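A short write-up of the structure that comes next.
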């Protein structure tokens, strides 16, 4: 059972790395995807700066939570 939890932790950690990749690309290009279930809107830094920075904040929080949660699951189950 611990192996399954460790694999789930690895998957969560990898999702955190993906979220971090999206965050870094968004900071580099000035365009980031909105975190939404119903649309895949791209927010532009020059057009909507407040919504862009809010999205950057959400992606940062998601990255930190996923990486730390996945690493904790891996550490506790291996």
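Coordinate-derived values only; no laboratory data. Please read all numbers here as calculations on a predicted model, not as lab measurements. Every residue, glycine as well, gets a Cβ built from its backbone with ideal geometry; the counts of neighbours run over all protein chains shown.
Descriptive notes on the structure:
Condition check ((1) part of a loop (DSSP other than H, G, I, E, B); (2) closer than 30 Å to residue 2 by Cβ; (3) in contact with a strand residue (DSSP E or B) (Cβ under 6 Å, 6 or more places away or on another chain)) across all residues:
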position: 15; (1), (2), (3): no, yes, no
position: 20; (1), (2), (3): no, yes, no
position: 26; (1), (2), (3): no, no, yes
position: 32; (1), (2), (3): no, no, yes
position: 58; (1), (2), (3): no, no, no
position: 71; (1), (2), (3): no, yes, no
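- The residues of the range 34-49 that are more than 12 Å from the chain's Cα centre (by Cα), in contact (Cβ under 8 Å) with a residue 12 or more places away in the chain and assigned to a loop (DSSP other than H, G, I, E, B), listed by number, are 45, 46.
- Flag for residue 52 being outside any loop (DSSP other than H, G, I, E, B), farther than 28 Å from residue 74 by Cα, without any contact (Cβ under 8 Å) to a residue 60 or more places away in the chain and in contact with a helix residue (DSSP H, G or I) (Cβ under 9 Å, 6 or more places away or on another chain): yes
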